[in-house]
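K.L.:
This is the structure, below, for whatever I ask next.
The values are calculated or read from the model by the stated rules, or taken from the named source; none is laboratory data. Treat the numbers as computed from the prediction; the structure is a model and nothing was measured. Every residue, glycine among them, receives a Cβ derived from its backbone with ideal geometry; neighbour counts consider all protein chains shown. Calculation scope for accessible area: heavy atoms of the full protein, side chains included, ligands and nucleic acids excluded. Shrake-Rupley method; radii C 1.70, N 1.55, O 1.52, S 1.80 Å.
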Amino acid sequence: VMDDLSKPSGLSVTLIEKAGFVGGDTMLSGGVRYYYDDETGAYDDAWAEACLEKEKAALAASMELEFNEEFMKNEILVNPIANKLMADMGVKDEDAWGYRQFVPSDDYVDPKWSGSYFAYVVGPYIENSNIDLRLNTAATKLVTDDNGAVIGVEVKDLEGTYTIYAKKVILATGGFAQNSELIEKYAPEFTEGITFASGTNDGDGIVMLEEVNADIIGDKMMGHIGADGNFGARPDYGGAVYYGWNTHPFVNMNGERFTDEGK
């Protein structure tokens, strides 16, 4: 199965990015790689089914929605291929856990794994592939046929607007951390929180889905570990005491707490 999925698909792929570079929030992330591993090396359908059952057992207690078995199984099958591709691009496994920015300098040893380093290497990879990468190109509307099926997307670039038609449209637009109205609507418990996200993370994908009456699902999870253009990669505050994932008080350079860390 793994060999079949890793073969070139022959599909024509167009990737649009509204920023002038690839990366987005990935550039602000520390870098955690997720593995579905198979010690036997088979990576076959039976292995994928076993992984699926383990995932269902682990997530069942916190699931509010019906488990999408087909989607998760496909993700399991693709996972080792994606990890091999990243390894081939030079993204290594060492120090795969940790919140560190890629800052090239004479006194900094780069761990070869962080969100920023991944964006650093995947950009040239895309440019040298058969993918039609269009930067500074924002999706503005999903195009549907008479039956409501999505058949393309309207976009706007630096020169004007046009439509891209496609057999499949995949939204990878991130969340809405920079959109206060959507936070109030979908995650009101975060309205007073500090935002760590790229400026392009404004929920435009959510808005386009609303316009075609798609179901908006999810657990409204929003992370607050990271840095952005407002706070910088080395902000003047930090965690005073760390006792687990997302459980530490933030203090400023004077040692004063300044926010509700639960939000």
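K.L.:
Which members of segment 117-148 meet the condition of being within 14 Å of Ile164 (Cβ to Cβ) and either in contact with an Asp or Glu (Cβ under 8 Å, 6 or more places away or on another chain) or of a type in the set (A, V, I, L, M, F, W, C) (or both)?
P.N.:
Ile131, Leu133, Arg134, Thr137, Ala138, Ala139, Thr140, Lys141, Leu142, Val143
K.L.:
In segment 182-191, which residue that is open to solvent by 20 Å² or more (accessible area, probe 1.4 Å) and within 16 Å of Glu210 (Cα to Cα) is nearest to the chain's Cα centre (by Cα)?
P.N.:
Here the residue is Tyr186.
For (1) of a type in the set (A, V, I, L, M); (2) open to solvent by less than 60 Å² (accessible area, probe 1.4 Å), each residue gets a yes or a no:
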{"site": "Ala177", "(1), (2)": "yes, yes"}
{"site": "Gly193", "(1), (2)": "no, yes"}
{"site": "Asn201", "(1), (2)": "no, yes"}
{"site": "Ile216", "(1), (2)": "yes, no"}
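K.L.:
Starting from segment 55-78, take each residue that is closer than 20 Å to Tyr43 by Cα and list its partners that are among the basic types (Lys, Arg) and surrounded by 11 or more Cβ atoms within 10 Å (Cβ to Cβ), counting only C-beta distances under 9 angstrom and pairs at least six apart or across chains.
P.N.:
Hits for this filter: Glu69/Lys56; Met72/Lys56.
K.L.:
Which residue out of Asp38, Asp25, Asp45 is surrounded by 10 or more Cβ atoms within 10 Å (Cβ to Cβ), under 25 Å from Ile164 (Cβ atoms), among the charged types (D, E, K, R) and in contact (Cβ under 8 Å) with a residue 24 or more places away in the chain?
P.N.:
Of Asp38, Asp25, Asp45, the one residue that is surrounded by 10 or more Cβ atoms within 10 Å (Cβ to Cβ), under 25 Å from Ile164 (Cβ atoms), among the charged types (D, E, K, R) and in contact (Cβ under 8 Å) with a residue 24 or more places away in the chain is Asp25.
K.L.:
Quick check on my filter: what residues within segment 119-136 are open to solvent by 50 Å² or more (accessible area, probe 1.4 Å) and in a strand (DSSP E or B)?
P.N.:
If the condition is that a residue be open to solvent by 50 Å² or more (accessible area, probe 1.4 Å) and in a strand (DSSP E or B), then Asp132, Arg134 are the ones that fit.
K.L.:
Which pairs do you get when a residue that is within 23 Å of Tyr165 (Cα to Cα), found in segment 1-22, comes within reach of a residue that is modelled with pLDDT under 90 and assigned to a loop (DSSP other than H, G, I, E, B), reach meaning Cβ atoms under 6 angstrom, with the pair 6+ apart or on two chains?
P.N.:
From segment 1-22, the pairs are Lys18/Thr200; Ala19/Thr200.
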